[in-house]
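*Asks:* Quick one: this structure, given as structure tokens, is what I'll be asking you about.
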Amino acid sequence: MGRRHSHHASGAPGGGGSAAPPGNTALPQPAPIQSPTRDISPSAPALADRDVLVRIRGLRFSHGTRVIFDGVDLDVRRGAVTAVMGPSGTGKTTLLRLISGQLHPDAGSIEVDGEPVQALKRSDLFRLRRRMGMLFQSGALLTDLSVFDNVAYPLREHTGLSESMVRKLVLLKLEAVGLRGARDMMPSALSGGMARRVALARAIALDPMMILYDEPFTGQDPISMGVLVTLIRQLNDASRLTSILVSHDVRETASIADEIYVISNGRVVARGTPEEIAAERSEWVRQFMDGLPDGPVRFHHPAPPLAEDLLTKGSG
Ligand SMILES: Nc1ncnc2c1ncn2[C@@H]1O[C@H](COP(=O)(O)OP(=O)(O)OP(=O)(O)O)[C@@H](O)[C@H]1O
Ligand SMILES: [Mg+2]
């Protein structure tokens with residue numbers, strides 16, 4: 001760890017079309033809150049096109065009537081670990097599904113390695129998706145296959161490699177996550193942390209250009225969290241990968257991310273290095289980063305006053 005990429009302190013605000021005019025779109029969702037209007041990224045470098053692996057502009061997306069993204073711009077720099085943070089239910093998993101083309105935006109654009117994800121035909125989308133390794137939130141392994149066969153699965157599915165070649169690659173990937181010795185174990189015999197590392201070995205089996213991590217630390221003890229933190233950074237740097245890390249674990253994420261986006265209520269409310277985010281005073285960011293139960297994001301789902309509710313229901 002600690003091999004953080006340096007950030008250029010150019011004064012330009014985050015590249016390209018910045019956020020849509022804030023505040024004038026009523027969000028048809030509980031507790032509509034005005035987003036902060038300023039772009040909290042004074043030192044975010046303007047990225048040249050070739051430095052950007054994922055470019056999101058003006059992203060809008062709703063699940064039914066619930067607005068999840070209301071004009072999001074986001075750049076993922078090649079070679080970097082970019083974190084997207086936000087409270088539960090803000091749409092972090094949804095964002096990864098949009099980037100991988102499993103969901104379609106209502107408006108805006110998503111480009112991955114220069115390719116417009118939502119305009120690709122199926123075969124091109126599948127080809128692109130094979131270049132993205134995914135560590136899902138549930139991290140599910142195939143329970144009736146051994147560790148070895150779980151990691152071999154994508155290789156057998158998507159390549160015509162010989163079994164002896166598959167074996168070499170699987171052992172290399174397992175070695176990278178420290179579990180070559182566990183290759184014959186079944187998933188039911190693994191600890192949660194080991195299972196996550198096997199899932200990670202499977203995610204890198206096809207040598208992706210990028211890995212999308214969905215809450216990799218959830219449910220881990222401090223030691224295995226530390227192992228995962230180190231592993232994510234090492235894999236990124238050693239294999240010249242690009243990583244998108246979606247998480248609400250503030251400390252772990254801040255320790256490996258090169259850049260953090262904080263999302264709340266459909267908008268990017270802050271963007272910067274971990275140091276910049278730590279120094280950010282906006283109450284939106286503070287509420288989330290400091291884990292305060294109430295603030296701009298309300299603890300209570302909108303409801304009539306409690307007394308009113310208690311009186312109208314079941315009162316005699
Ligand atoms: N298929 C769906 N249909 C309708 N609503 C959905 C669907 N999937 C997710 N949502 C809603 O979209 C919102 C964002 O969900 P998402 O899973 O992306 O959040 P998240 O930030 O990943 O949360 P968590 O941190 O708990 O994983 C939630 O309010 C969720 O209820
Ligand atoms: Mg999620």
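The values are calculated or read from the model by the stated rules, or taken from the named source; none is laboratory data. Just so you know, these numbers come straight off a predicted model, no measurement behind them. Please note: Cβ atoms are built from the backbone with ideal geometry, for glycine as well, and neighbour counts cover all protein chains shown.
*Asks:* When you go through (1) away from ligand 2 (no atom under 16 Å from the Cβ); (2) touching a strand residue (DSSP E or B) at 6+ places or on another chain (Cβ under 8 Å); (3) at pLDDT below 95; (4) at negative phi one by one for G16, which number turns out not to apply?
*Replies:* Answer for G16: the failing condition is (4).
*Asks:* Within the range 128-174, which residues are surrounded by fewer than 13 Cβ atoms within 10 Å (Cβ to Cβ), polar (S, T, N, Q) and not in a helix (DSSP H, G or I)?
*Replies:* Hits for the range 128-174 are S138, T143, S162.
*Asks:* For residues that are under 27 Å from L53 (Cβ atoms) and at pLDDT 95 or above, tally how many sit in the range 175-193.
*Replies:* Counting residues in the range 175-193 that are under 27 Å from L53 (Cβ atoms) and at pLDDT 95 or above gives 0.
*Asks:* Here's something else I'd like to know. So which pairs qualify, if the first residue must be in the range 194-218 and over 21 Å from L53 (Cβ atoms) and modelled with pLDDT under 95, the second must be in a helix (DSSP H, G or I) and within 16 Å of ligand 1 (Cβ to nearest atom), the Cβ gap must be under 7 Å, and the two must be at least 6 apart or on different chains?
*Replies:* That search, which allows pairs on different chains as well, returns F217/E252.
*Asks:* Hey, T93 hits all of (1) within 13 Å of ligand 2 (Cβ to nearest atom); (2) in a loop (DSSP other than H, G, I, E, B); (3) surrounded by fewer than 23 Cβ atoms within 10 Å (Cβ to Cβ) but one; which does it fall short on?
*Replies:* (2)
*Asks:* Report, ordered by the first and then the second residue, all pairs with beta carbons closer than 8 Å, sequence separation of six or more or different chains, a first member in the range 131-146 that is farther than 23 Å from H248 by Cβ, and a second member that is buried (at least 21 other Cβ atoms within 10 Å of the Cβ) and not aliphatic (A, V, I, L, M).
*Replies:* L141/N150; L141/R202; L142/N150
*Asks:* Check R60, R156 and return the single one that is touching a residue at least 12 places away in the same chain (Cβ under 8 Å) and more than 13 Å from the chain's Cα centre (by Cα).
*Replies:* Among R60, R156, only R60 is touching a residue at least 12 places away in the same chain (Cβ under 8 Å) and more than 13 Å from the chain's Cα centre (by Cα).
*Asks:* Name the single residue, out of those in the range 55-70 being farther than 18 Å from V269 by Cβ and part of a strand (DSSP E or B), that is nearest to ligand 2 (Cβ to nearest atom).
*Replies:* H63
*Asks:* Then there is this: Take the residues of the range 101-126 that are of a type in the set (S, T, N, Q) and either in a helix (DSSP H, G or I) or modelled with pLDDT under 95 (or both): which is nearest to ligand 1 (Cβ to nearest atom)?
*Replies:* My answer is Q102.
*Asks:* Here is a check on your reading of the model: is G133 of a type in the set (G, A, S) and either within 13 Å of ligand 1 (Cβ to nearest atom) or on the phi > 0 side of the Ramachandran plot (or both)?
*Replies:* no
*Asks:* Here is a follow-up. Go over the candidates R196, R183 one by one and state the one that is more than 27 Å from the chain's Cα centre (by Cα) and crowded, with 18+ Cβ neighbours inside 10 Å.
*Replies:* R183
*Asks:* Checking the conditions here, which among V227, V246 is in a helix (DSSP H, G or I) and either of a type outside the set (S, T, Y) or modelled with pLDDT of 90 or more (or both)?
*Replies:* Just one listed residue meets the conditions, V227.
*Asks:* How many residues, within the range 191-248, are among the acidic types (D, E) and within 16 Å of ligand 2 (Cβ to nearest atom)?
*Replies:* 2
*Asks:* Sticking with this one: Among the residues of the range 81-114, what is the count of those that are in contact with a Leu (Cβ under 6 Å, 6 or more places away or on another chain) and either small (G, A, S) or free of Cβ contacts under 8 Å to residues at least 40 places away in the same chain (or both)?
*Replies:* 4
*Asks:* Is it the case that S123 is within 16 Å of ligand 2 (Cβ to nearest atom) and either farther than 23 Å from A238 by Cα or surrounded by 15 or more Cβ atoms within 10 Å (Cβ to Cβ) (or both)?
*Replies:* In short, no.
*Asks:* Just for the range 251-281: of the residues that are within 28 Å of T65 (Cβ to Cβ) and assigned to a loop (DSSP other than H, G, I, E, B), which one is modelled with the lowest pLDDT?
*Replies:* My answer is N265.
*Asks:* For the subset of the range 83-96 comprising residues that are farther than 20 Å from D207 by Cβ and modelled with pLDDT of 95 or more, which member is farthest from ligand 1 (Cβ to nearest atom)?
*Replies:* A83
*Asks:* Please find, among D51, D39, D73, the residue that is more than 16 Å from ligand 2 (Cβ to nearest atom), modelled with pLDDT under 90 and acidic (D, E).
*Replies:* Just one listed residue meets the conditions, D39.
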